[in-house]
Amino acid sequence: MGGFFMAQNKHADRFSSTGFIMSAVGSAVGLGNMWKFPYVTGQYGGAAFFLLFMVCLVLVGLPILLAELAVGRGGRGNASSSLTKLSGSKSWGALGFLSVAGSFFIMSFYGIVAGWTLHYAVLSFTGELFSTQDYAGLFGRFMNSWLPIGWQLVVMLVTALVLIRGVSEGIERFNKVLIPSLVVLLLLLAVQALSLEGAGEGISFFLKPDFSKLTAESALVALGQAFFSMSLGMGTMVTYGAYVQKSQSLGKATIAVGVGNVLYALLAGLIIFPTIFVFSIEPTQGAGLVFIALPAAFSAMPLGAVFGGLFFVLLAFAAITSAVSVLEVPVAYASETFGWSRPVAVMLVGLLCFLAGVPSALSLGEDPWLSFGGRALFDWVDFVCSNVVLPISGLVITIFAGYVWKGVADEARLSQAWFRIWLFMLRFVAPVLVLLVLLYYAGVIRI
Ligand code: PHE
């Protein structure tokens, strides 16, 4: 059998050290920062919520990120087999499989939203976006058409093309081009937003905390957001960790990804809040904020078509660098488990994932048969992945690294003091907080 179908044992394909940092930042920075983050910040308390998000990031996000990377590099396998190898028990591998399944389904809906951003970028540059005043109607008509599925296919093809080339030639090279472009676009748009007359109100909503706005629910949402935005609990960082060289410091990489992610969220907020406040738009309007409220704001702005177009390109870039990391999880799993070569694994998994996303994409139209329990299928998949699979897998990793895996210290290679702090977080702080989120969503605790 030729090398096309079966995996060949060639040199291990690994990241360079900057390539890894860029790829991990590329995974973390995504729709979570620019589409979800602004609207949950708007809904759950503005600046005070942002502070809570940072607390969650430090107490839970960073310790789990380091744990995932260490498990991946120690096990040198996919998100399931790494756990089996390190523990010698298939049960841990089965728990790890949950994150493989989760990333498959995350990709099925993430690719849909990434597709919307491409569509809006095109509409904006052609000026078509600004030929209407009814942005909610425009979004609704788009949802009711077949176009979202076409764009979802485009996203899947681009993602597959990157993954087919492998880790250093594909994932790393792609991120090394896109991340610097992302930074330039982000800075440009931030300068533009901050120079709008009356930007101050948006800035203070975003940065001046008013703690009376916080509720206990805000804390739980902030924790969930910290998880999603750091790409945790989906096997992504375990999978990427397996491609990191032994000489790289995982501690430093963890800090770099955390700081990169917060800076990005900060700048994204500095673009979005001043823009919507200047044009008197409510920040609390939910998932439509970016696709309904922002076009309205751009349409009232000088050179709005250009800035609007650039904004959606930025969003699309951020989304696709994350999509690449999400799809890699089931691809790595399939190629290792079934012995498939990378191109075959990418094509089969990509195709299945595209097909799995189609019903979700259709469920946002007016088809009531794809909605149950008051939620469209799309929202169910998001809800179950983000609030059930993600925290359970996060819990699995903290318990595994904190209590089960004996070699954890050798792989993490932290100084004595940092190691103690880390282990304390992994054993006592992170699992308790994650459990609270789970129990809350399970309806066991009410606030
Ligand atoms: N972190 C990404 C974002 O903020 C989403 C993501 C979740 C990526 C889980 C990988 C795994 O958009």
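Once you keep just the Cα pairs under 8 angstrom separated by 6 or more residues, what percentage relative contact order results for region 309-447? The partial results should precede the final answer.
On the way: 65 pairs, mean separation 22.2, N = 139.
Relative CO of region 309-447 lands at 16 percent.
How high is the relative contact order of region 174-287? Use alpha-carbon pairs under 8 Å, at least six apart in sequence, and give a whole percent. Could you put the intermediate results ahead of the total?
On the way: 55 pairs, mean separation 64.6, N = 114.
The normalised contact order for region 174-287 reaches 57 percent.
For the chain, what is the number of Lys pairs with C-alpha distance below 29 angstrom, counting only pairs 8 or more positions apart or on separate chains?
Lysine pairs, 8 or more places apart or on different chains, close enough: 17.
Restricting to DSSP H runs of at least four residues, report the calculated mean residue ellipticity at 222 nm for the chain, -39500 (n - 2.57) per run over all residues, nearest 500 deg cm²/dmol.
Working: 21 runs with 300 residues, N = 447.
Helix-only estimate at 222 nm: -21500 deg cm²/dmol.
May I ask for the angle, rounded to the nearest 10°, between helix 173-194 and the longest principal axis of the chain, with both axes built from Cα atoms and the value confined to 0 to 90°?
30
How long are the three semi-axes of the equivalent ellipsoid of the chain, in whole Å, if each is the root of 5 times an eigenvalue of the C-alpha gyration tensor, listed from largest down? Please list the in-between numbers first.
Working: eigenvalues 225, 132, 87 Å².
With the √(5λ) rule applied to the chain, the semi-axes are 34, 26, 21 Å.
I'd like the distance between the alpha-carbon centres of region 23-55 and region 431-447, rounded to an integer number of Å.
What the calculation gives is 20 Å, centre to centre.
Expressed as an acute angle from 0 to 90° and rounded to the nearest 10, what is the orientation of the C-alpha long axis of helix 304-338 relative to the principal long axis of the chain?
Helix 304-338 sits at roughly 20 degrees to that axis.
Normalised by the residues of the chain, what does the relative contact order come to in percent, with Cα pairs under 8 Å and at least six apart?
After rounding, I find 35 percent.
Taken together, the values in this text are just the output of simple stated rules run on the coordinates, not laboratory data. As the structure is a prediction and not an experimental result, all values here were calculated from the model.
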